Amino acid sequence: MSIADARPRAAAAETDWAGYGAFAGATLIWSSTFLFIAISNEIVAPLWGATLRLAIAFVGLAAIALLTRAKLPRGAALRDVVLYGVFQFGGVLALLYWGEQTVPTGMTAVVFATAPLQTALFARALGLEAIDRVKIAAAVVAVVGVGVIFSGQLGVGVPLAGLVAVFLAATAGAIGSVLLRRAGRQSPPRPWRC
């Protein structure tokens, strides 16, 4: 066996499975979000559902921040992180919960799939990155793919206000993501100490 043959095997042995696990977890959570919002809207008023979700997340994230001794950002980074929270959580969740009162779950997913394209456009507008054909093509494929998956729900008559709310939720999410990227990397991960 030559050195060239050994390199691919060594690289395969060093696969970072945590990254794949994080991707799988995020996919599972985000793919069920629109369904759980629809279920929540049947039980409680939309903004109460969003508030409850954020309260639960706050408790969990505060515990993680305390355990890891995370430090708060300062200066411009703090401003961008706060704006990220306003757009990503205040804007996205409030608009999604409200919009899903009248917009079917599948259609919500299709409209929200415009977020990657919007993110690329806002990142370019703020001078954070250039737009290239690959990013645009990937974003368009995402929208078309989600549209194909939920094509059975796309012909349903839906009030314009609900669609606008869902689109604005995707827009708020895109703006929030770009602001967080602009803030830069924050408190580095530290080992857990209990």
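Remarks
- Residue in the stretch 42-63 that is within 20 Å of the chain's Cα centre (by Cα) and of a type in the set (Asp, Glu) present: no
- Remark: Arg181 matches the filter, which requires a residue to be surrounded by fewer than 18 Cβ atoms within 10 Å (Cβ to Cβ), modelled with pLDDT of 65 or more and part of a helix (DSSP H, G or I).
- Restricting Thr119, Thr108, Thr102, Thr114 to those that are of a type in the set (Val, Ile, Thr), within 16 Å of the chain's Cα centre (by Cα) and over 13 Å from Ile175 (Cα atoms) reduces the list to Thr108.
- All conditions in (1) part of a helix (DSSP H, G or I); (2) farther than 20 Å from Thr33 by Cβ; (3) not small (Gly, Ala, Ser) hold for Pro73, with the sole exception of (1).
The values are calculated or read from the model by the stated rules, or taken from the named source; none is laboratory data. Please read all numbers here as calculations on a predicted model, not as lab measurements. No Cβ is skipped: glycine too gets one built from the backbone with ideal geometry, and neighbour counts run over all protein chains shown.
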